[in-house]
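Structure first, commentary second.
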Amino acid sequence: MGRHEGIPRRDVRVRRIRFSYPQGSLQRHYVDGDLVMSHVVAVLSATFPPGEDFFVRSVRRYADDITDPVLREQVKGFIGQEVTHGREHRELNRRLQEMGYPTHRVSRFVKWTLADATKRAPGRLCLAYTAALEHYTATIAECLLSKPEAQRLLGNTEVRSILLWHALEETEDKAVAFDVYRAVGGSERMRRWGFRIQSVGLLGLVLVATLLSMLGDRSTYNPVRLGRSLLALRHSPFLQRDVVAQLRDYTREGFHPDDHDNTELLERWTTELFGPEGTLVDHLH
Ligand SMILES: [Fe+2]
Ligand SMILES: [Fe+2]
């Protein structure tokens, strides 16, 4: 266990926040005009609400077994945050559906597979899945918050705002499901297997759903636009080696999410978004 004995005191707070997407405020390819990335972000956004429902179910099942008072508070914050993410992404998904993205169908599929997992898989395995998927969201979040070129990719719309807020909170709560898994005696073996299984599931889902989503978009059949967008992927800040290495790190024996210290990143973005001059203060209610 070493240096991770005892849960570090990290504030996982629930913010009351709302995002809105008035008619006409988003172009069809709302991620900076890019074809593939617009579909990928739509697919990810569609997986969040049912995914987050699953996280909440999995963690809540053990909430009463947690004795550490710090972790108990963090669990409350985690549940509040994930419920809010789900609610706000549903709103975005409705808008994307109107714009022609099949977000409802993707959400329904994910909801169905995860309901099945809850029904069939042991509680600890569901927690292992949750911790694994939280490692994915935390890694993507860190990439977004730490690389200016990743932020630039998002353009300047309300989608950028919701993703920055979500990334900040994913960084805040990244260790909670993991610590619950450890607290209830989850093994290293199951944790690593949970990660492998979810990696295959998540990457497969994103690949297939993005492909199907793109088939329903006329721009996909424009070879110049498609080619340009596919070529841009090679330089995508999300698909670089450092990101892959960070994802893989999860399978290391003894890994803990706090091995990647994000304190400074968190402080910077909390001020940037929610400080006295924060760009999202007007979204709080
Ligand atoms: Fe979330
Ligand atoms: Fe999370």
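The values are calculated or read from the model by the stated rules, or taken from the named source; none is laboratory data. All of these numbers come straight from a predicted model, not from anything done at the bench. Quick reminder, even Gly has a Cβ in these numbers, built from the backbone with ideal geometry, and neighbours come from all protein chains shown. In case anyone asks, the SASA skips ligands and DNA or RNA and just uses the protein heavy atoms, side chains included. Shrake-Rupley method; radii C 1.70, N 1.55, O 1.52, S 1.80 Å.
Things to note:
- Listed residues Tyr250, Tyr62 arranged by accessible area, highest first, probe 1.4 Å: Tyr62, Tyr250
- Solvent exposure of the chain, expressed per residue, is 51 Å² of accessible area, with all protein chains present and a 1.4 angstrom probe.
- Per residue convex hull volume, Cα atoms of the range 216-285, in Å³: 210 Å³
- DSSP-assigned coil residues among GluC sites (Glu not before Pro) in the range 194-285, each with at most 10 further Cβ atoms within 10 Å: Glu253, Glu277
- Part-to-part distance (alpha-carbon centres) for the range 130-168 and the range 242-277, which is given in Å: 11 Å
- Take the Cα of Leu284, step 7 Å toward its Cβ, do the same at Tyr221, and the gap between the two points is 4.9 nm.
- Average projection, convex hull of the Cα set of the chain: 14.5 square nanometres.
- In terms of accessible area, using a 1.4 Å probe and ignoring ligands and nucleic acids, Trp165, Trp112 rank largest first as Trp112, Trp165.
- Summarising the amide proton neighbourhood of Ile17: residues at separation of 5 or more, or on other chains, whose placed amide H is nearer than 5 Å comprise His285.
- As a rough guide to protection, the peptides 166-175, 64-73, 47-56 ranked by mean Cβ packing within 10 Å, highest first, stand as 166-175, 47-56, 64-73.
- For the range 122-223, the equivalent ellipsoid derived from the Cα gyration tensor has semi-axes of 30, 20, 10 Å, listed largest first.
- Computed Rg/Rh of the range 157-285, alpha carbon atoms with Kirkwood Rh: 1.04
- Per-atom-type breakdown for the chain gives carbon and sulfur 56% of the accessible area (1.4 Å probe, protein chains only).
- Segment Arg228-Asp68, extension gain: residue separation times 0.36 nm, minus the distance between their alpha carbons: 52.4 nm
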